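The values are calculated or read from the model by the stated rules, or taken from the named source; none is laboratory data. Only a predicted model underlies this, so the values are computations on that prediction, with no experimental measurement involved. Virtual Cβ from ideal backbone geometry, glycine too; neighbours counted across all protein chains shown.
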Amino acid sequence: MSLGAHYTPYHPKWYRRRVSVWWWLQTWSYTRFVLRELTSVFVALFAVVLLWHIWALELGPEAYARLLVRLGTPLFVVLHGVAFVFVLFHSITWFNLAPKAMVVRLRGKRMPDWVVVGSNYAAWLVLSLAVAVILLRR
Amino acid sequence: MGRPITPFLWLLFSVGGTVSALLFPVHLFLTGLAIPLGWIDPPRYEALIGLLRHPITRLYLFVIIAFPLVHWAHRFRYTLYDGLQIKHLTALIVVFCYGAALVGSAAAAYLLWNIP
Amino acid sequence: MPATVALAVARYRPEEEPAPTLQTYEVPFREDWVVLDALNYIKDRLDGSLSFRWSCRMGVCGSCGMKVNGTPVLTCAAFLSEHLPGPIRVEPLDYFPVVRDLVVDLSDFMRKLKKVKPWILREEEKPLAEGEYRQTPDQLDAYKQFSMCINCMLCYSACPIYGLEPSFIGPAAIALAQRYNMDSRDQGARERLEILSGYDGIWQCTFVGECTKVCPKNVDPAGAIQQYKLTSAVHWLKTLLPWGAR
Amino acid sequence: MDLSACDVLVVGGGGAGLRAAIAVAETHPNLRVAVISKVYPMRSHTVSAEGGAAAVIKPGDSLEEHAYDTISGGDWLCDQDAVEAFVREAPAEMLRLEHWGCPWNREPDGSIAVRPFGGMKAQRTWFAADKTGFHMLHTLFQTTLKYDVIQRYDEFFVTKLLVDEGRCQGVVAIELGTGKIHAITAKAVILCTGGCGKVFPFTTNANIKNGDGMALAYRAGAPLKDMEFVQYHPTGLPFTGILITEAARSEGGWLLNKDGYRYLQDYDLGKPEPRPVLRSMELGPRDRLSQAFVKEQEKGRTLEGPYGHYVHLDLRHLGEKLIDKKLPFVRELCLKYVGIDPVKEMIPVRPVVHYMMGGVSTDIDGATPLPGLYAAGEVACVSINGANRLGSNSLPECLVFGARAGKVAAAFAAELKAPSPSVLTQAHDEERRLEEKFRRGRGAKERIATLRAEMHETMEESAGIYRNGPALQKAADKLRSLQERFRHLTLDDHSYTFNTEQTAALELSYMLDVAETIVQSALQRTESRGSHQRTDYPERDDKNFLGHALAYRAEDGPPRIEWVPVTITRWPPGQRVYGR
């Protein structure tokens, strides 16, 4: 039924509201969802940055030195700062939602959500430490 | 868009999401913030290139580049659909997103293969 | 506590007007009144032409879902005191066609529910004479949560994906399919896979998660959908194997 | 007007209606069966049933004991042949529901778990936590979806039964979404519309329970049986009337007066024990418990709140674990609606109108005296509940007699030819009546809410837990005048689309008819039996009243009451003994 159509007795005249293009601004939870999805952009950007690191290392010590200088410029520091916030947001939402997507059962009993979330965070901590140690090894 | 491979793409997306959630914060914090801001000294070139020559490191790097790129492609594709309501441009979006991820992954493979 | 509270209620009279409008009513404020009580006060005393559905007034029949101040709720469980000072905005559920005032059309859900085959499917029925199918408390626990759905439609109304893609089977119907898939008495998971994993099924979902948040019965449809994605992906991997499931 | 036809038409989509529809589809798959309901089936009031459903399944229990509990619980007003059929068929019906997927609670070995219940000498009540009705209804509804032959008319409000050549041939109904009038012809009609708790102001019943089916049958000439028997459930929340299931007591809850005293021991219901004892104290029958509350109130030993007197239901000693496992809904309801956590606090409760033992008179197969018309569930009076229904008997009743009515109605329909053409004339007359009453009738002055409130007041004052002749006579007169004033009803809403004021008006007219039969039957039963307690006739009188009251509609004036004897097979009337 189209909007404003004339009513005919005994026939339904349903009203359908169109979903606004700005639907994701209507409530904070929708906005947060879209922000969560947009973390993927920063994930991809950092993957590209990693590629850049590898390339610079392959080119030799000078290129690596240039890379370090470039990374120290305010533009890159700010970019990395923003990216870091988004990537953290990604990690936290990813870990917190994990128990919904994956039900872990032990002897038929469903593990409580906090166990799943907790082990995610534990793995995060261990892996982060390992990466830091290996990368910064003198 | 053929649905049959969606489960596969979703698996890649999930692996990419997990990998990046676990490992990106520390990498990003160290190389993007802590080192440039001088909180810690940068690792020496020799140490890094040595590390990079190890096959396990190369495999590791490939994983943390390729999967997160697909993760992005998959997630961003739906964000474009829903956020901008441009589902009619499906073919274009698919080519752009997964194509970019594919190119990135190929570049990673090339670079990692050719480390001197 | 105020003596009265204002309700801004969405009106849509298809026989008279092209689009919904808001109409404000002043009702007495009572500590133990829910929004539904206020609507009934309006209908009984102020304006008999206001239309809405309700029945059990104890949160189990699923009739009285509406949007109160923008959030989908059961109006029989939404206290006026939680929404002070007012005016309290009462609107029909989002993403469904509005039939009249606060009444929306549910036929789309009814069709989808049937599509996912929400009944026990078995290759062979056990004769009644042989008694019950054994099901341990743990096996019951595996699907019990998904069986609590009262079909109140709040989850659909909270799901932007359903709004954008009306063909999406949606949270409640998928959770109910999963309720049977996880039931130890059921053998129909393979049969339901086709529809659940098809174009309008689980892959439309981007895990906004709002369905689970608004669910008054803690069914967690978002969880059901994500879990099913894993099931479907594993099934897909198996089909690659020469000896795998086809 | 829209015309359609089917073979068997089920009015009402609750437990009994859906079971009946499946019975038709399974036994006569070639018949066109349809379910017509004023709400979507999953909204039906079966959904609110909480505690459980009784059927003998465990070793040590027996059909005889279930029958005896039911008959003594019903104060010997049950038809014993019907009770025997009921207890015999209940286990298979419950098992069938298990096979259809109902999530019954289980023992650790996977077999069906049962719990004790009021007035039952053995543990035989199957349960799905404390949402048994909800799970049964959704299981039934979802199971009906697999039968393509079952057609549904959702949100169609039935206004009239079409009767011609002495048999019921279909219905006239309003399609709520559009306001269109439909004539749906059928070779057999099964009424499964539930009870009429909304005749009273304070009830556990949902808004949809207005005695629609009772009034439809009554207007079509079928009698209503035993309408004076109205069950008060002893534990409802004040104000909302939300039911706190009997299972709360069967799991070990105590009823305490204002002094913290388990007052039931003063009313010949046994000695207080810490653990629940079958057929004793809090596990006594509902009529006796509700009556004890009134006596306790007269002694000034109840508490008083903004919504009248109440007592306490104490579950605290059961512990959080048991409450969460077996009574989660009780906890949810208390937290939500009275802000009380039963784990830590006592629940305020008072008796509340819950169930109609009476209803459309049927035989043991659900057939009413009007050929082609059947009834099952709360709308019907078979009668297995007599003067007081035992908790957890009504859900299996829906299944057993829903199935029976479905099979018999299908067999009846299979032998018949198409309906007579003259029913269409009737349907057109009905359409005209509705049109005149609700579209044009402006200028009148009576409002639905006013008449309904006066009816509520009348019923509560006269037809409550204790009754007496003068009050009932006054009520009968008052209801007459309300019937008259109903003619001058005015509506704010004259539209076609989802006009809920129109349905409310039709429901009010149904309720007024049903209320009159309740009051008239109560007036003429000058004895006390089960839930019908006359202060002016306090004793049971088997000599004169071991019989059913049949209320027939009179052309003008109050309903006409006729009496038929109770069917006694094996259990001669005896004394009801609890706790001894």
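In this structure, is D:Gly402 outside any loop (DSSP other than H, G, I, E, B) and within 20 Å of D:Gly14 (Cβ to Cβ)?
yes
I need the full set of residues from the range C:174-183 which are closer than 9 Å to C:Cys149 by Cβ, within 11 Å of chain D (Cβ to nearest Cβ) and among the aliphatic types (A, V, I, L, M), in order please.
If we filter the range C:174-183 for residues that are closer than 9 Å to C:Cys149 by Cβ, which is where we start, we get C:175-176, C:179.
From the residues that got through so far, the ones that are within 11 Å of chain D (Cβ to nearest Cβ) too are C:176, C:179.
Selection gives C:Leu176 alone.
Cβ-Cβ below 6 Å, separation at least six or inter-chain, first residue in the range A:36-51 and touching a residue at least 40 places away in the same chain (Cβ under 8 Å), second in a helix (DSSP H, G or I) and β-branched (Val, Ile, Thr): which pairs?
A:Arg36/A:Thr93; A:Phe42/A:Val87
From the list D:Gly391, D:Gly386, D:Gly406, D:Gly469, exactly one residue is on the phi > 0 side of the Ramachandran plot and either in contact with a strand residue (DSSP E or B) (Cβ under 8 Å, 6 or more places away or on another chain) or touching a residue at least 12 places away in the same chain (Cβ under 8 Å) (or both). Which is it?
Working: D:Gly391 fails: on the phi > 0 side of the Ramachandran plot; D:Gly406 fails: on the phi > 0 side of the Ramachandran plot; D:Gly469 fails: on the phi > 0 side of the Ramachandran plot.
Residue meeting the stated conditions: D:Gly386.
Those residues that are within 8 Å of chain B (Cβ to nearest Cβ), over 22 Å from B:Pro68 (Cβ atoms) and touching a helix residue (DSSP H, G or I) at 6+ places or on another chain (Cβ under 6 Å), I need them from the range A:60-105; list them, please.
A:Pro61, A:Tyr64
Mind counting the residues in the range B:8-37 that are touching a residue at least 60 places away in the same chain (Cβ under 8 Å) and touching a Gly at 6+ places or on another chain (Cβ under 6 Å)?
First pass over the range B:8-37, keeping only residues touching a residue at least 60 places away in the same chain (Cβ under 8 Å): B:9-10, B:12-13.
Then keep just the ones that are touching a Gly at 6+ places or on another chain (Cβ under 6 Å); that gives none.
Residues meeting the conditions: 0.
Does the range C:210-243 hold any residues that are in contact with a Phe, Trp or Tyr (Cβ under 7 Å, 6 or more places away or on another chain) and either more than 9 Å from every other protein chain (Cβ to nearest Cβ) or modelled with pLDDT of 90 or more (or both), and which are they?
C:Val219, C:Ala222, C:Ala224, C:Gln226, C:Lys229, C:Ala233
Which of the residues belonging to the range A:29-48 are at the interface with chain B (Cβ under 7 Å from one of its Cβ atoms) and in contact with a Leu (Cβ under 8 Å, 6 or more places away or on another chain)? First the steps, then the outcome.
Step one: list which residues in the range A:29-48 are at the interface with chain B (Cβ under 7 Å from one of its Cβ atoms), which gives A:34, A:37-38, A:40-41, A:43-44, A:46-48.
Correct list: A:Ala44, A:Phe46, A:Ala47.
Does at least one position in the range C:148-157 carry a residue that is buried (at least 23 other Cβ atoms within 10 Å of the Cβ), touching a strand residue (DSSP E or B) at 6+ places or on another chain (Cβ under 6 Å), among the small types (Gly, Ala, Ser) and more than 10 Å from chain D (Cβ to nearest Cβ)?
Yes, there is a match, as at least one residue in the range C:148-157 is buried (at least 23 other Cβ atoms within 10 Å of the Cβ), touching a strand residue (DSSP E or B) at 6+ places or on another chain (Cβ under 6 Å), among the small types (Gly, Ala, Ser) and more than 10 Å from chain D (Cβ to nearest Cβ).
Which is surrounded by fewer than 21 Cβ atoms within 10 Å (Cβ to Cβ), outside any helix (DSSP H, G or I) and at pLDDT 95 or above, of D:Pro558, D:Pro572? Break it down into steps so the answer makes sense when it comes.
Working: D:Pro558 fails: at pLDDT 95 or above.
When all the criteria are applied, what remains is D:Pro572.
Considering only residues that are surrounded by fewer than 20 Cβ atoms within 10 Å (Cβ to Cβ), at the interface with another protein chain (Cβ under 8 Å from one of its Cβ atoms), farther than 29 Å from D:Phe498 by Cβ and not acidic (Asp, Glu), which ones fall in the range D:107-155?
Within the range D:107-155, D:Pro108, D:Gly110, D:Ser111, D:Lys146 qualify.
Taking D:Ile518, is it touching a Cys at 6+ places or on another chain (Cβ under 9 Å) and within 21 Å of D:Ala380 (Cα to Cα)?
On the way: touching a Cys at 6+ places or on another chain (Cβ under 9 Å): yes; within 21 Å of D:Ala380 (Cα to Cα): yes.
Judged against the criteria, D:Ile518 is a match.
From the list D:Val56, D:Val39, pick out the single residue that is over 22 Å from D:Leu137 (Cβ atoms), in contact with a Lys or Arg (Cβ under 9 Å, 6 or more places away or on another chain) and within 14 Å of chain C (Cβ to nearest Cβ).
D:Val56
Where in the range D:182-271 are there strands (runs of 3 or more DSSP E), lying fully within it, with 3 or more residues that are surrounded by fewer than 23 Cβ atoms within 10 Å (Cβ to Cβ)?
Numbers: elements: D:188-191, D:230-236, D:254-256.
The strands (runs of 3 or more DSSP E) meeting that bar number zero.
Within the range A:30-138, which helices (runs of 4 or more DSSP H) (wholly inside it) include 1 or more residues that are in contact with a Ser or Thr (Cβ under 9 Å, 6 or more places away or on another chain) and under 30 Å from C:Ser157 (Cα atoms)?
A:74-101
Is it fair to say A:Tyr15 is in contact with a strand residue (DSSP E or B) (Cβ under 6 Å, 6 or more places away or on another chain) and either crowded, with 20+ Cβ neighbours inside 10 Å or within 7 Å of another protein chain (Cβ to nearest Cβ) (or both)?
Working: in contact with a strand residue (DSSP E or B) (Cβ under 6 Å, 6 or more places away or on another chain): yes; either crowded, with 20+ Cβ neighbours inside 10 Å or within 7 Å of another protein chain (Cβ to nearest Cβ) (or both): yes.
For A:Tyr15, the condition - in contact with a strand residue (DSSP E or B) (Cβ under 6 Å, 6 or more places away or on another chain) and either crowded, with 20+ Cβ neighbours inside 10 Å or within 7 Å of another protein chain (Cβ to nearest Cβ) (or both) - is met.
Would you please name the residue that is surrounded by the fewest Cβ atoms within 10 Å (Cβ to Cβ), looking only at residues in the range D:293-327 that are of a type in the set (A, V, I, L, M, F, W, C) and closer than 18 Å to D:Thr245 by Cα? Don't jump to the end; show me each part of the working.
Here is the first cut: in the range D:293-327, the residues of a type in the set (A, V, I, L, M, F, W, C) are D:293-294, D:303, D:311, D:313, D:315, D:318, D:322-323, D:327.
Add one more test, that the residue is closer than 18 Å to D:Thr245 by Cα, and what stays is D:293, D:311, D:313, D:315, D:318, D:322-323, D:327.
On the way: D:Phe293: 25, D:Val311: 26, D:Leu313: 23, D:Leu315: 27, D:Leu318: 18, D:Leu322: 14, D:Ile323: 22, D:Leu327: 26.
The qualifying residue surrounded by the fewest Cβ atoms within 10 Å (Cβ to Cβ) is D:Leu322.
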